[in-house]
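Got a structure here, written out as structure tokens. Questions coming.
The values are calculated or read from the model by the stated rules, or taken from the named source; none is laboratory data. A quick note: this is a predicted structure, and the numbers were derived from the prediction, not measured. Cβ coordinates were reconstructed from backbone atoms using ideal geometry, including for glycine residues, and neighbour counts include every protein chain displayed. Protein only, heavy atoms only, side chains kept; ligands, DNA and RNA dropped before computing areas. Shrake-Rupley method; radii C 1.70, N 1.55, O 1.52, S 1.80 Å.
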Amino acid sequence: MTFAQIKEKARAEWEALERGERPRILIGTATCGRSAGALDVLEAFKTELAKRGIDAVIMQVGCIGLCYAEPLVDIIKKGQPRICYHHVTPELVSELIDSYLIKGNPRPDLALGTIGDGDVEGIPRLFDLPTLKPQVRFVLRNCGHIDPENINHYIANNGYAGLAKALKMRPEEVIEEIKKSGLRGRGGAGFPTGLKWEFCRKSPEKEKYLICNADEGDPGAFMDRSVLEGDPHAVLEGMVIAAHAIGARQGYVYCRAEYPLALERLRTALQQMREYGFLGENILGSGLDFDIEIKEGAGAFVCGEETALMASLEGRRGMPCPRPPFPAQSGLWGKPTNINNVETFANVSIIMAKSSDWYASYGTGKSKGTKTFALAGKVKHTGLIEISMGITLRELIFDIGGGVPNERRLKAIQIGGPSGGCLPEELLDVPIDYESLREHGAIMGSGGVIVLDDTACMVDVAKYFLDFTAEESCGKCVPCRIGIPKMLQILEHITSGEGTEEDLVRLRELAELVSSTSLCALGQTAPNPVRSTLRYFKGEYLAHIYHKTCPAGVCPGLVQHKIKIDPELCQACDLCRKACPTGAIQGIPGKPPYSIDDSLCIRCEACLEVCPFDAIQKLTGKASNYGDDT
Amino acid sequence: MVEKRTSQLAELIEPYAGRPQELIQVLREIQEELGYLPKEAQEEVAQTLGVPLSRVYGVITFYHFFRTSPVGQHTIRLCLGTACYVRGAAQVLQTLQEELGINPGETTVDYKFSLERVACFGCCALSPVMVVDNTVHSRVTPAKAREILSTYQGS
Ligand SMILES: Cc1cc2nc3c(=O)[nH]c(=O)nc-3n(C[C@H](O)[C@H](O)[C@H](O)COP(=O)(O)O)c2cc1C
Ligand code: FES
């Protein structure tokens, strides 16, 4: 089949679906949806529809990014806009079917928004919601809209058009196009993609490799997972385009084992590509021979680093090597290798399908196009979003993310993961682009954004990240292997109330040493969380050191007895006593106040969680600080 | 029993004979089958793939995924990634440790539960996340963790 024929067939299938008489039910069954119970909802739809003899199309789709509202179900009735329902439970399924599909009541009380032409009274348009309105969705273009296991859906939505176009161009022209788009690597460092391809293209060796980095080890980041689960072909198409540009015959996707669904979707997608001739010999009659193999990681953060990743692909311990030589000169098996991130490839396919000028019209001077972010932590609308570069952190957290829940105050934004930094509230108006973030001590990183509220202790957060990097250090170079644990030790000293001002001096010195002398970027960037918290939250360090208190009430060493019941607020509801695992709480239902036996309290905070009256409080500082009050 | 295991092992490893680059893949498949990587399996892999035993051991100890002792009937994996940590995963871990009487990386004496800590499942939007065998539980609190555990008691 020629590409035109393939496309025609795919379009016909898609249109038959769109124009069909049967109602369609789209269920978001990506990992986030599943963890919220989407598979039970799916089963419930199957059963309930069958019971009523309703013939409907049930489609499993990827994540549209509104993870906080999962499970999400979209229902499309002929002639009506698509309606998106949120927090759907198996119990709600028959209600939705009866009210909307049978009786025609669209149930605005359960709906989040409508998608597509036309309006439904009482339901806003989904893409007019504050969470979605500021977004620009290129990488996430198909997530939540198509069946990721059906290649025809992708093709019908302009998929593989970029590949078909690229294969008619000379490799140098493709590279030029990517260079002109201004695309920079989305895996963290932001290296210009076109330039990287050119280095590899120009390497004299004949045999070359292409790698897609799907290791996504930054805890708190899940952009790559969502794209792989919701639109795997967008990434794979980008890889074939890159193979043509640099002249590679073999490609690998190195995906972390913690993503079983992404791996499954990738396998299905590769199979379909082979059937259509998008992989294998003489791809679409162009003379290009290229195939892709999937390799699973085995749980090591450092394997996201490119040289370590290649060592792992060769079946060895994933230890980084000094660069140069760069992978473009000597990479996998010593051959020139080009490695890019998942999102980078997903951008490539859309740039080729549209044009570099179109792409470069989004973003800022040096940061073109869009970037996806995973919003998590203390923010109302946790989920996956995509924005044009250059919008501010404030827009990201407050407009799109809906701000901090439970009426708490924003304290910091952690951006860039273990290599990134914590930015304070005062910097909310900093624009999101590679240079601005770096200037303020954070990095763009891969796109993980964790919002911290005033219950977070910034010294504890710094300690958390060092604990992570110390654990994940491969141990090859001394500064990283020994320096990071030393820094961690100092932080432990401080959080246990033993810290001195001298500790801060040593901490700064070590940070400098570790970052300037480590072998790979893991060590070089590991001190960043410490540096940024010292820069913006020095007061908290000083409180630990001089006042021996943890202002946020987190550090156990400085919180001797931290759980206390306020007699004024206690209503003797008995919930806390029932929740207490050690029987430390005493009281008689209906006879306030209750009290906590400190010798039995293990500070699990289970009581704090269940108390409906906020009567249980944490007291911070050394016991001596609040003396008789306890 | 032992013989059966040996022939099964050989069957698994054979396709990778002489291909050291597949070391991680082979180990993964064996672990999938046996639940862990016993010493005899490590030796067999070294021999068939043609690599020193030290390299096999080096790889096993480098990657968090591999284990050298048997696991319990159910594996509980708790995420302590950043998003989960800032939403109280440490308290959940404490609860699990108390309830099960084991630390991460350990298995209960009755081989019922193994406890592991993981650094992110990519479900961060619904943190804290705890995975029991293949079921993902989101927004876990100490109370919810106890409840989840109780559904496995007696099974
Ligand atoms: C410790 C460490 C972990 C990394 N983890 C990842 C990762 O999970 N995914 C990724 O794409 N890049 C990761 N990188 C960056 C890669 O080394 C590399 O720069 C990237 O894959 C290049 O692709 P890009 O140019 O498309 O960004 C990591 C780097 C370091 C130092
Ligand atoms: S940090 Fe726990 S799932 Fe990502």
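Suppose each label sits 7 Å from its Cα in the direction of the beta carbon; what would the B:Leu53-B:Asp110 distance come out to in nanometres?
Each label point is offset 7 Å from its Cα along the Cβ direction, giving 3.7 nm.
Place +1 on the Cβ of every Lys and Arg and -1 on the Cβ of every Asp and Glu in region A:1-98, take the dipole about the Cα centre, and give the residue among A:Pro71, A:Thr2, A:His86 whose Cα lies farthest towards its positive end.
Toward the positive end, the furthest listed residue is A:Thr2.
Specify the residue with the greatest mean-square fluctuation among B:Leu78, B:Leu96, B:Leu34, computed from a Gaussian network of chain B linking alpha-carbon atoms under 10 Å apart.
B:Leu34
Name the lysines eligible as straight-distance cross-link partners of A:Lys578: C-alpha to C-alpha under 18 Å, and not fewer than 8 places from it in the same chain.
Once the sequence-local lysines are set aside, what remains near A:Lys578 is A:Lys564, A:Lys591, B:Lys144.
While we're on this one: So if I take the centroid of the Cα atoms in region A:262-292 and the same for region A:51-79, what is the distance between those two points in Å?
29 Å
How large is the translational diffusion coefficient of region A:229-352 in µm² per second when you combine the Kirkwood radius over alpha carbon pairs with Stokes-Einstein at 10 °C and 1.306 mPa s?
105 µm²/s
Moving on. Pull up all non-local amide H partners of A:Ala572: gap of 5 or more, or a different chain, and H-to-H distance under 5 Å with H placed in the peptide plane.
A:Tyr594
Roughly speaking, what % of Cα-Cα pairs in region A:14-128 are separated by over 25 Å, rounded to a whole number?
Cα-Cα pairs in region A:14-128 separated by more than 25 Å: 13 percent.
What dipole magnitude, in Debye to the nearest 20, does region B:2-62 give about its Cα centre under +1 on Lys/Arg Cβ and -1 on Asp/Glu Cβ?
That gives region B:2-62 a dipole magnitude of about 200 debye.
Under a point-charge model restricted to the Cβ atoms of Lys and Arg (+1) and Asp and Glu (-1), what is the dipole moment magnitude of the protein assembly as shown relative to its Cα centre, in debye to the nearest 20?
1180 debye
In degrees between 0 and 90, to the nearest 10, how far off the longest principal axis of chain B does helix B:53-62 point, with axes built from Cα atoms?
Tilt relative to chain B: about 10 degrees.
OK, next. Where does helix B:142-152 land angle-wise versus the long Cα axis of chain B, in degrees 0 to 90, nearest 10?
Orientation of helix B:142-152: about 50 degrees from the principal axis.
Which is farthest toward the positive dipole end of the protein assembly as shown among A:Tyr160, A:Ala234, A:Leu558, measuring Cα position about the Cα centre, with Cβ charges +1 (Lys, Arg) and -1 (Asp, Glu)?
It is A:Tyr160.
Also: Would you mind telling me which residue in B:Thr68, B:Thr107, B:Thr135 has the biggest mean-square fluctuation in a Gaussian network model of chain B, where springs connect alpha carbons within a distance under 10 angstrom?
Checking each option, the largest mean-square fluctuation is seen for B:Thr135.
Just flag the GluC sites (Glu not before Pro) in region A:89-125 sitting in loop per DSSP whose Cβ has no more than 12 other Cβ atoms within 10 Å.
Passing both the DSSP loop test and the Cβ count: A:Glu121.
At most 15 other Cβ atoms within 10 Å and a DSSP loop assignment: could you name the GluC sites (Glu not before Pro) in region A:393-477 that fit?
Sparse-neighbourhood loop GluC sites (Glu not before Pro): A:Glu407.
Here's a follow-up. Going by amide H atoms built from the backbone, whose H comes under 5 Å of the H on A:Gly28, apart from near neighbours?
For A:Gly28, the qualifying residues are A:Val61, A:Leu72, A:Asp74.
If you take each beta carbon of peptide A:450-460 and count the beta carbons of other chains within 10 angstrom, what is the mean?
2
Here's another thing I want to ask about it. Keeping all protein chains in position, work out how much accessible area B:Thr61 exposes to a 1.4 Å probe, and write it in Å² to the nearest 10.
80 Å²
With a cut-off of at most 14 other beta carbons within 10 Å, and DSSP calling the residue loop, which GluC sites (Glu not before Pro) in region A:12-76 qualify? Please list them.
Loop-located and lightly packed - A:Glu21.
Also, quick follow-up: Using only the alpha-carbon atoms, how far is helix B:2-13 inclined from the longest principal axis of chain B? Give it as 0 to 90 degrees, nearest 10.
Approximately 80 degrees, to the nearest 10.
Give me the distance in nm between label points sitting 7 Å out from Cα along the Cα-to-Cβ direction at A:Phe127 and A:Asp429, one decimal.
If labels sit at A:Phe127 and A:Asp429, their model points lie 3.1 nm apart.
In square angstrom and rounded to 100, what buried accessible area do you get between chains B and A, total over both, with the probe at 1.4 Å?
3700 Å²
Which positions within region A:270-304 get 20 Å² or more of their accessible surface covered by the other protein chains, compared to the chain by itself, with a 1.4 angstrom probe?
Listed by number, the residues meeting the 20 Å² cut-off are A:Lys295, A:Glu296, A:Ala298, A:Gly299, A:Ala300.
Would you list, by chain and number, the lysines whose Cα falls below 20 Å from the Cα of A:Lys77, excluding same-chain residues fewer than 8 positions away?
Result set, ordered by chain and number: A:Lys46, A:Lys51, A:Lys103.
Let me check I have the definition right: for region A:458-546, take the eigenvalues of the Cα gyration tensor, multiply each by 5, take square roots. What are those semi-axes in whole Å, largest first?
Each semi-axis is the square root of five times an eigenvalue, giving 22, 12, 11 Å.
Step through the residues of region A:366-377 one at a time and calculate ³J(HN,Hα) from phi using the Karplus curve (6.51 cos²θ - 1.76 cosθ + 1.60, θ = phi - 60°), rounding each to whole Hz and writing x for Gly and Pro.
9, 10, 8, x, 10, 9, 8, 9, 9, 9, 8, x
Over chain A, with every protein chain in place, what whole percent of the accessible area is carbon and sulfur at 1.4 Å, could you tell me?
Result for chain A: 50 percent of the exposed heavy-atom area is carbon or sulfur.
So for the protein assembly as shown: antiparallel DSSP bridges make up what percent, rounded to the nearest 5?
55 percent
Another question, if that's okay. For chain A, rounded, prolate or oblate, judged on the Cα gyration tensor with a ≥ b ≥ c (square roots of eigenvalues), a/c < 1.5 rounded, else prolate if a/b > b/c?
oblate
Looking only at Cβ-Cβ distances, which cysteines of chain B have no other cysteine closer than 4.7 Å?
B:Cys120, B:Cys123, B:Cys124
Once you list every other residue whose beta carbon is under 12 Å from the beta carbon of A:Val449, what net charge do they have if Lys and Arg are +1 and Asp and Glu are -1?
Once all neighbours under 12 Å are counted, the net charge is +1.
Counting Lys and Arg as +1 and Asp and Glu as -1, each charge on the Cβ, what is the dipole of region A:559-622 about the Cα centre in debye, to the nearest 20?
Taking the Cα centre of region A:559-622 as origin, the dipole is about 160 debye.
Quick one: Karplus J couplings for region B:105-113, per residue in order, coefficients 6.51, -1.76, 1.60, θ = phi - 60°, nearest Hz, x for Gly and Pro?
After applying 6.51 cos²θ - 1.76 cosθ + 1.60, I find x, 10, 10, 5, 4, 7, 6, 8, 10 Hz.
If you don't mind, another one. Before I look further, what does the protein assembly as shown give for accessible area per residue, probe 1.4 Å, in whole square angstrom?
Here the residues of the protein assembly as shown average 39 Å² of exposed surface.
Now for a different question. Among A:Met310, A:Gly383, A:Thr364, whose Cα sits farthest toward the positive end of the charge dipole of region A:301-413 (+1 at Cβ of Lys/Arg, -1 at Cβ of Asp/Glu, about the Cα centre)?
Checked the options; the winner is A:Gly383.
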